[in-house]
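The values are calculated or read from the model by the stated rules, or taken from the named source; none is laboratory data. What you are looking at is a predicted structure, and each value in this text was computed from that prediction instead of being measured. Backbone-built Cβ (ideal geometry, glycine too); neighbour counts: all protein chains shown.
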Amino acid sequence: MDKAFLPILVIATHAARRALGSDVRKVAILAAKAIVRNRRSLEVAHQQIRFGEHDLAFCSRVGKLGDLILELDIGDPRLGDRLVLEEELRRATNATRWNFPRR
């Protein structure tokens, strides 16, 4: 068996970097594994994971060159079980746009 190391670009907020320190890379790998475990989409608008005592929120998208881009921030413990796919967010945004009353 061989392992391939895929390019994952990580963008962490200052708050996330302060909370995680040198563990930012570990959390990025955990986030990528959480995305794959859901088996629904690589593009996630909002998902959360727990790392140590921290609830962390992340979103992901596929970049122009095929890289997986993860953005990390501090999460909200109340939203721990919430998963919003980018496709669902786009649909909701489009539906909202069409439902506004015209003046």
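The table that follows gives values for the structure above.
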read-out: Selection count, region 69-85, where residues are modelled with pLDDT of 80 or more, under 22 Å from ILE11 (Cβ atoms) and not aliphatic (A, V, I, L, M); value: 4
read-out: Scope region 19-33; condition under 23 Å from LEU85 (Cβ atoms) and in contact with a Phe, Trp or Tyr (Cβ under 8 Å, 6 or more places away or on another chain); matching residues; value: VAL27, LEU30, ALA31
read-out: Selection status of ALA4, without any contact (Cβ under 8 Å) to a residue 60 or more places away in the chain, surrounded by fewer than 16 Cβ atoms within 10 Å (Cβ to Cβ), out of contact with any Pro (no Cβ under 9 Å at 6 or more places or on another chain) and not in a helix (DSSP H, G or I); value: yes
read-out: Matching residues, region 16-35, being surrounded by 12 or more Cβ atoms within 10 Å (Cβ to Cβ), more than 16 Å from the chain's Cα centre (by Cα) and among the small types (Gly, Ala, Ser); value: ALA19
read-out: Set ASP81, ASP23, ASP55: member being assigned to a strand (DSSP E or B) and among the acidic types (Asp, Glu); value: ASP55
read-out: Total residues in region 39-64, condition within 12 Å of the chain's Cα centre (by Cα) and within 17 Å of GLY80 (Cα to Cα); value: 11
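This table checks each residue for (1) touching a residue at least 40 places away in the same chain (Cβ under 8 Å); (2) part of a strand (DSSP E or B); (3) among the basic types (Lys, Arg).
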residue	(1), (2), (3)
VAL27	yes, no, no
LYS33	no, no, yes
ARG37	no, no, yes
LEU42	no, no, no
